[in-house]
Amino acid sequence: MKKILLLIILTVISTPSSATLITFDELESGRHYNDYTQATYSHDNFILTTTQAFNSIGMLHPSYGTSTGLHAAGVSADVELKRIDNALFNINSIDLLIGLYNRYDDEIPVYFTGLKSNGVTVYQVFSLPYDISKYSTFNFDDSFTELTSLTWQQGAIYHSFDNVNLNNSTQVPEPYTIILLIPALVLVFKKRYT
C-alpha cells in the first residue's frame with residue numbers, strides 16, 4: 001500500500017518536461033523568398049509574434065543559410081516568444097544567422113530579454129561574428145527558465161533565427177493538487193492504525 005501511495009504522489013508531483021524544437025522547414029518553397037509574411041507564427045503550443053511581419057528566405061536566396069528560418073521584416077521590429085496557453089517554459093538554445101547582404105565590420109549583438117514567472121527579468125546578449133555564413137547555435141544560460149515570455153529585437157543588421165530549442169517548465173504542483181492527496185493519506189493511516 002505504501003508503494004502505491006508513493007507512486008501516486010510521485011506521479012502527481014512530477015511533471016515531465018517535454019522538449020519542443022521550433023523549425024521553419026515547412027515554409028521552404030525552393031524560391032528566393034518563401035510565402036510567409038504574417039506577424040505571428042505558431043508551433044506546438046508556442047507562438048512567435050512581431051511588431052511587423054516575419055519573412056523567410058528561400059534556398060535560392062544568397063543569404064540562405066543551412067535551413068529555412070524566420071526574421072522580422074523591419075528594422076527595430078520586436079519579436080516575442082511565449083506559450084499559447086500562457087504556461088511557463090525554458091529556452092535552451094537558438095540558431096542565428098546574419099544575411100550575406102549585411103555589411104558590418106564588427107560583431108553584431110542580439111539582445112534577449114526573458115520575463116520569469118516571479119517577475120524577474122533576465123538578459124543575455126549573443127554576439128554574432130560578421131563572417132557567419134551558416135546558422136550557429138547559441139546556448140542560453142541557466143537563468144532562462146520558468147519564463148512567461150522571451151523578447152528580442154531585429155536590429156539594422158538583419159538576422160534570421162531557426163531551431164529554437166525549448167521545453168515546458170517543470171512546476172511544483174498547485175496547492176489544490178496536494179489537498180486532493182490528503183484523503184488518500186488519511187485512508188492509508190486509518191487502515192494502518194485500525
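The values are calculated or read from the model by the stated rules, or taken from the named source; none is laboratory data. This is a predicted model, so every value here is computed, not measured. Note that each Cβ is placed from the backbone with ideal geometry, even for glycine, and that neighbours are counted across all protein chains shown.
Condition check: among the acidic types (Asp, Glu), modelled with pLDDT of 70 or more and within 12 Å of the chain's Cα centre (by Cα). Does Glu107 satisfy that?
no
Condition first: of a type outside the set (A, V, I, L, M) and either more than 18 Å from the chain's Cα centre (by Cα) or surrounded by fewer than 22 Cβ atoms within 10 Å (Cβ to Cβ) (or both). Now tell me which residues in region 49-60 satisfy that.
Passing the criteria: Thr49, Thr51, Gln52, Asn55, Ser56, Gly58.
Output the residues belonging to region 116-135 that are within 20 Å of Ala19 (Cα to Cα) and assigned to a strand (DSSP E or B). Spell out how you get there, then give the answer.
Step one: list which residues in region 116-135 are within 20 Å of Ala19 (Cα to Cα), which gives 116-117.
Matches in region 116-135: Lys116 only.
Scanning region 166-180 for residues that are surrounded by fewer than 18 Cβ atoms within 10 Å (Cβ to Cβ) and part of a loop (DSSP other than H, G, I, E, B), which turns out modelled with the highest pLDDT?
Restricting to residues being surrounded by fewer than 18 Cβ atoms within 10 Å (Cβ to Cβ) and part of a loop (DSSP other than H, G, I, E, B), the top hit is Thr170.
Tell me yes or no: at least one residue of region 146-165 is surrounded by 13 or more Cβ atoms within 10 Å (Cβ to Cβ), assigned to a loop (DSSP other than H, G, I, E, B), at pLDDT 95 or above and in contact with a Ser or Thr (Cβ under 6 Å, 6 or more places away or on another chain).
Yes, some residue in region 146-165 is surrounded by 13 or more Cβ atoms within 10 Å (Cβ to Cβ), assigned to a loop (DSSP other than H, G, I, E, B), at pLDDT 95 or above and in contact with a Ser or Thr (Cβ under 6 Å, 6 or more places away or on another chain).
What are the residue pairs meeting all of these: first residue in region 35-62, first residue of a type in the set (D, E, K, R), second residue outside any loop (DSSP other than H, G, I, E, B), Cβ atoms under 9 Å, and 6 or more apart or on different chains?
Note: pairs meeting the criteria are Asp35/Leu27; Asp44/Thr20; Asp44/Leu21; Asp44/Ile22; Asp44/Leu166.
May I ask you to list the residues in region 61-83 that are over 18 Å from Ser149 (Cα atoms), surrounded by fewer than 22 Cβ atoms within 10 Å (Cβ to Cβ) and in contact with a strand residue (DSSP E or B) (Cβ under 9 Å, 6 or more places away or on another chain)?
Answer for region 61-83, where residues must be over 18 Å from Ser149 (Cα atoms), surrounded by fewer than 22 Cβ atoms within 10 Å (Cβ to Cβ) and in contact with a strand residue (DSSP E or B) (Cβ under 9 Å, 6 or more places away or on another chain): His61, Ser63, Tyr64, Thr66, Ser67, Thr68, Ala73, Gly74, Val75, Ser76.
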